[in-house]
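Undergrad: This is the structure I have questions about; it appears just below.
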Amino acid sequence: QVQLVESGGGLVQPGGSLRLSCAASGRIFGINDMAWYRQAPGKQRDFVGSITSGARTNYADSVKGRFTISRDNAINTVYLQMNSLKPEDTAAYYCHADFKLFGGRWGQGTQVTVSS
């Protein structure tokens, strides 16, 4: 089996930055796309951005120019660098990975709160 563990969430002031990490562990036989989603209270889970195994990225319009996704294939980890944070970025952030052997899996989520 495999699992994803996110870290790096917390409370930050508007305009600040945070870096989220998501590490995959277990019997990994390769990962295709990795992605970040977020879910605010009472709302649906929304796409934030994704990255292929070859490092091609795609972002939601709401975060373009502020967020950057990267990954380290050697340690099966994906990152989300979030800059110029706004109160509307407040949400639980979830990592998703498409494992070659096991298919799609979600992490448990990490809370990001942007408030003064």
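The values are calculated or read from the model by the stated rules, or taken from the named source; none is laboratory data. What you are looking at is a predicted structure, and each value in this text was computed from that prediction instead of being measured. Heavy atoms of the whole protein, side chains included, go into the accessibility calculation; ligands, DNA and RNA do not. Shrake-Rupley method; radii C 1.70, N 1.55, O 1.52, S 1.80 Å.
Undergrad: Would you be able to tell me the number of residues in the stretch 6-20 that are open to solvent by less than 70 Å² (accessible area, probe 1.4 Å), assigned to a strand (DSSP E or B) and within 24 Å of PHE99 (Cα to Cα)?
TA: 3
Undergrad: Here is a further query. Residue under question is ARG38, and the condition is that it be among the basic types (Lys, Arg), over 14 Å from the mean Cα position of the chain (by Cα) and within 29 Å of PHE102 (Cα to Cα); does it hold?
TA: Taking the combined requirement at face value, the residue does not satisfy it.
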